[in-house]
Amino acid sequence: MTGELKVVEEIINDSVKISLKGEIDICTSNEFKEKLYKIIDANQKDLLIDCKELDYIDSTGLGIFVAALKKAKQYEKKITFLNLKDNIKKLFIITGLDKIFQIN
Amino acid sequence: MTGELKVVEEIINDSVKISLKGEIDICTSNEFKEKLYKIIDANQKDLLIDCKELDYIDSTGLGIFVAALKKAKQYEKKITFLNLKDNIKKLFIITGLDKIFQIN
Amino acid sequence: MNDAIELILPFKAEYVSTARLVASSVANRIGFDIEVIEDIKVAISEVCSKIVNIGSKFTDNYKIIFNINKKEIKVTFCCEDTSLKCIFDPQNDRLAVDIMNALMDNVELCTSNNYILSMSKVLEENI
Amino acid sequence: MNDAIELILPFKAEYVSTARLVASSVANRIGFDIEVIEDIKVAISEVCSKIVNIGSKFTDNYKIIFNINKKEIKVTFCCEDTSLKCIFDPQNDRLAVDIMNALMDNVELCTSNNYILSMSKVLEENI
Ligand SMILES: Nc1ncnc2c1ncn2[C@@H]1O[C@H](COP(=O)(O)OP(=O)(O)O)[C@@H](O)[C@H]1O
Ligand SMILES: Nc1ncnc2c1ncn2[C@@H]1O[C@H](COP(=O)(O)OP(=O)(O)O)[C@@H](O)[C@H]1O
């Protein structure tokens, strides 16, 4: 049910690919934030976030991505989302985040 | 979810076979009681109750079977249960009904 | 961990399943395994169905309190209409009473306070 | 049909999913389709998460009231601690506010009474 998020990190050429599985919600968001920030700072590469198995995200989760984008931009890197599920893509559109991120 | 019960009646040689699908609970038990009593009175045959797809039964449902057995005995007929799921067989055992019904 | 979750439901059959859902959510949190959660749901359904069948002239809802301890779930039923007491008759409701007693660890059919009934189940640690 | 279901939950992240479950059980009863039920759950989760994050010094739980009409679900959040008001800041919480406004029909972020917040969704009959 709730509170489960698996984050798998993998280096692909000039990018870091992060695969997310589970839910980013009140139970998982703090830990995820720290993990994500570390990945960005440690690698200083473009970020690919694969959401094929991400079932749910709330506004806190979306906010973490916004903050992550600011961080990535400091290193002149970008963040691209892959395989967003419909219910999550919907939230990106509602909030206008589809315009600041690259969504594939 | 709750409140769904399908009852299929079929004549097999000297018996009536009733196949139950769904749940016998507070939402379905009244209708089921009437249906079952009618089947017993109209046919006056041995009863086979196939519970392969019966997911849940509560004490009211079990009580209906007890009353049905009294009715059947008036016609000198018996009631046999087929394919009880484990969770339901457990209730028959708890309540001692496994001793008054034939369970196959 | 020592939490209380309360659910107030109308005297209507349609909402018994809501009680079941909350029961499984709460029991799941404590760590009961699926079969025991199913037992708890069955026992709770027996009580809810009985309460709904009896109903009340004075109020249109009843309350279920789930008390969670690290290793125990206690489920208490209550109602503003305190005439709802000792709702199960050991004779007439033998099937229901047998089921509740077998599936739960502790069933108080007639409580000494203003509650309708309470039942509890303790988590057995398999080492 | 004009029912009220109430759920009282501790200020803990673990119980947000219990609110979601009750929401889907209730919304399902009204006849919303799965996608809309998902929307309602998402909106309710936003509120619960915010409430849990703020918490209260005076009490350890909050209440969610689900009011059901034939064609509408209204969800009201309240708390004994009436300092919990206008919990979303349109600026800082823009993402959450956008999501709630988009997914629900009517969101009252600051109610004129003692409630924390209320939101509703009307069933659209597709003929
Ligand atoms: N009235 C009931 N009372 C108690 N348990 C039930 C009842 N109906 C179904 N169950 C059991 O609960 C489980 C889940 O059923 P339910 O709570 O109806 O949710 P769902 O069918 O949506 O998963 C089923 O495995 C079933 O055995
Ligand atoms: N925190 C959440 N808030 C709102 N909706 C959620 C949340 N987590 C999961 N969901 C959505 O609710 C649906 C059911 O998930 P959930 O309520 O966790 O129950 P379960 O996973 O046991 O079916 C999922 O399809 C998911 O998209």
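The values are calculated or read from the model by the stated rules, or taken from the named source; none is laboratory data. Remember, it's a predicted structure, so these values are computed and weren't measured experimentally. All Cβ positions, even for glycine, are placed from backbone atoms using ideal geometry, and neighbour counts span all protein chains on display.
One table, with the values for the structure above:
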quantity	calculated
Number of the exception - residue A:44 against (1) surrounded by fewer than 19 Cβ atoms within 10 Å (Cβ to Cβ); (2) within 13 Å of ligand 2 (Cβ to nearest atom)	(2)
Some residue of region D:53-64 being among the hydrophobic types (A, V, I, L, M, F, W, C), under 19 Å from residue C:25 (Cα atoms) and buried (at least 19 other Cβ atoms within 10 Å of the Cβ)	yes
Selection within region A:1-31 - of a type in the set (D, E, K, R) and either outside any strand (DSSP E or B) or away from chain D (no Cβ under 14 Å) (or both)	A:4, A:6, A:9, A:10, A:14, A:17, A:21, A:25, A:31
Residue in region B:1-8 that is in contact (Cβ under 8 Å) with a residue 12 or more places away in the chain, over 26 Å from residue C:97 (Cα atoms) and within 16 Å of ligand 1 (Cβ to nearest atom) present	yes
Sole residue being closer than 16 Å to residue C:107 by Cα, away from every other protein chain (no Cβ under 11 Å) and away from ligand 2 (no atom under 16 Å from the Cβ), chosen from C:50, C:70, C:74	C:74
Subset of region B:90-102 [surrounded by 16 or more Cβ atoms within 10 Å (Cβ to Cβ) and either farther than 12 Å from residue B:69 by Cβ or without any contact (Cβ under 8 Å) to a residue 12 or more places away in the chain (or both)]	B:90, B:91, B:92, B:94, B:95, B:98
Selection within region B:57-101 - assigned to a strand (DSSP E or B) and either at pLDDT below 95 or of a type in the set (Val, Ile, Thr) (or both)	B:57, B:79, B:80
Test: residue in region B:32-40 that is without any contact (Cβ under 8 Å) to a residue 60 or more places away in the chain, of a type outside the set (Lys, Arg), closer than 19 Å to residue C:95 by Cα and within 14 Å of chain C (Cβ to nearest Cβ)	yes
Where residue D:109 falls short, out of the listed (1) surrounded by 16 or more Cβ atoms within 10 Å (Cβ to Cβ); (2) in contact (Cβ under 8 Å) with a residue 60 or more places away in the chain; (3) out of contact with any Lys or Arg (no Cβ under 7 Å at 6 or more places or on another chain)	(2)
Residue among C:76, C:82 that alone is surrounded by fewer than 19 Cβ atoms within 10 Å (Cβ to Cβ), touching a residue at least 24 places away in the same chain (Cβ under 8 Å) and farther than 25 Å from residue B:57 by Cβ	C:82
Failed criterion for residue D:6 (all others in (1) within 9 Å of ligand 2 (Cβ to nearest atom); (2) within 10 Å of chain C (Cβ to nearest Cβ) hold)	(1)
Pairs with Cβ under 7 Å, 6+ apart, first in region B:52-65 and over 17 Å from residue B:8 (Cβ atoms), second among the acidic types (Asp, Glu) and in a strand (DSSP E or B)	B:56/B:23
Qualifying residue in region C:9-18 (condition: of a type outside the set (Asp, Glu) and away from chain D (no Cβ under 11 Å))	yes
Residue check, residue D:98 surrounded by 17 or more Cβ atoms within 10 Å (Cβ to Cβ) and over 20 Å from residue D:18 (Cβ atoms)	yes
Single residue of C:43, C:4 found to be in contact with a strand residue (DSSP E or B) (Cβ under 8 Å, 6 or more places away or on another chain), among the small types (Gly, Ala, Ser) and more than 14 Å from ligand 1 (Cβ to nearest atom)	C:4
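Okay, residues lined up against (1) farther than 23 Å from residue C:45 by Cα; (2) out of contact with any strand residue (DSSP E or B) (no Cβ under 7 Å at 6 or more places or on another chain); (3) of a type in the set (S, T, N, Q):
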residue	(1), (2), (3)
B:21	no, no, no
B:49	yes, no, no
B:55	no, no, no
B:60	no, yes, yes
B:67	no, yes, no
B:77	yes, no, no
B:82	yes, no, no
B:88	no, no, no
B:103	yes, no, no
